[in-house]
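Read the structure below first, then the notes.
The values are calculated or read from the model by the stated rules, or taken from the named source; none is laboratory data. These figures come from a predicted structure and were not determined experimentally. No Cβ is skipped: glycine too gets one built from the backbone with ideal geometry, and neighbour counts run over all protein chains shown.
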Amino acid sequence: SQKIEQNSEALNIQEGKTATLTCNYTNYSPAYLQWYRQDPGRGPVFLLLIRENEKEKRKERLKVTFDTTLKQSLFHITASQPADSATYLCALSLGGGSQGNLIFGKGTKLSVKP
Amino acid sequence: EADIYQTPRYLVIGTGKKITLECSQTMGHDKMYWYQQDPGMELHLIHYSYGVNSTEKGDLSSESTVSRIRTEHFPLTLESARPSHTSQYLCASTRQGAHTEAFFGQGTRLTVV
């Protein structure tokens, strides 16, 4: 069955360090992969989208890589701040007849300590 | 802040009651979705719509039903609530076109007692 795994349920890092979150998937060939941020009790907020033919995408302190051979995406937050503390969700974007539908991982809860 | 709104934010209701969760968006998006999320778990798609009078079931089987009579409105109904329906329900919308970002509402936290 299709499966998305995010490397750990929780990640604790010190302020100023780079946070690296991993998203692995099996039995699926997504054309697109998206990352979202979710704060407690709120809906997810879109951060970045990367296409299968793109190796890397950047937005301010955020960087996403996409390796379709390894079936893996890495999400980096550089110079992390306590305000970056949240749960980060990886989502695969479906194609074909289900275009636009997303399959989500469970998320990684990031805590940035001052 | 996304222009997609869900009401109520929190709902505690007794078993057997009929409930409707409201979702409205002002972005003119054709595609709308309902996801269900339990604490610490992934979002699961339960319903989606590609436009007016279009509704489809998602990957996760749900006893709820949806309707899409107007572009901006996508309500979800449970005819007879049960404790197993206790969860967070998230509504989302996307622009037309493939693989665009999803805009989510704040969610409705439903508790059935």
### Task
For B:His29, indicate whether it is within 14 Å of chain A (Cβ to nearest Cβ) and touching a residue at least 24 places away in the same chain (Cβ under 8 Å).
yes
### Residue list for region A:6-60, restricted to those being among the aromatic types (Phe, Trp, Tyr) and touching a residue at least 24 places away in the same chain (Cβ under 8 Å)
A:Tyr25, A:Tyr28, A:Tyr32, A:Trp35, A:Tyr36
### Message
Among the residues in region B:15-26, are any closer than 25 Å to A:Val45 by Cβ, β-branched (Val, Ile, Thr) and surrounded by 13 or more Cβ atoms within 10 Å (Cβ to Cβ)?
### Response
no
### Query
Based on what the data block shows, is A:Lys109 within 14 Å of another protein chain (Cβ to nearest Cβ), crowded, with 17+ Cβ neighbours inside 10 Å and within 12 Å of the chain's Cα centre (by Cα)?
yes
### Summary
Flagged in region A:1-24 as of a type in the set (Gly, Ala, Ser), assigned to a strand (DSSP E or B) and surrounded by fewer than 19 Cβ atoms within 10 Å (Cβ to Cβ), in numbering order, are A:Ala10
### Message
Any residue at all in region A:40-49 that's more than 27 Å from B:Tyr10 (Cβ to Cβ) and either within 13 Å of another protein chain (Cβ to nearest Cβ) or modelled with pLDDT of 95 or more (or both)?
### Response
yes
#### Entry: Residue list for region B:30-54, restricted to those being within 29 Å of A:Thr108 (Cα to Cα) and part of a loop (DSSP other than H, G, I, E, B)
B:Asp38, B:Pro39, B:Gly40, B:Met41, B:Glu42, B:Leu43
### Query
Restricting attention to region B:55-109, which residues are within 13 Å of chain A (Cβ to nearest Cβ), part of a strand (DSSP E or B), under 24 Å from B:Pro39 (Cα atoms) and not hydroxyl-bearing (Ser, Thr, Tyr)?
B:Lys57, B:Gln88, B:Leu90, B:Cys91, B:Ala92, B:Phe103, B:Phe104, B:Arg109
### Task
Quick one: in region A:25-58, of everything that is surrounded by fewer than 16 Cβ atoms within 10 Å (Cβ to Cβ) and assigned to a strand (DSSP E or B), which residue is farthest from the chain's Cα centre (by Cα)?
A:Thr26
### Message
Step by step: first the residues of region B:59-86, then only those that are surrounded by 15 or more Cβ atoms within 10 Å (Cβ to Cβ) and β-branched (Val, Ile, Thr), then the one that is farthest from B:Asp30 (Cα to Cα). Which residue is that?
### Response
B:Thr86
### Message
Can you tell me which of (1) more than 14 Å from every other protein chain (Cβ to nearest Cβ); (2) under 13 Å from the mean Cα position of the chain (by Cα) is the one A:Ile103 doesn't meet?
### Response
(1)
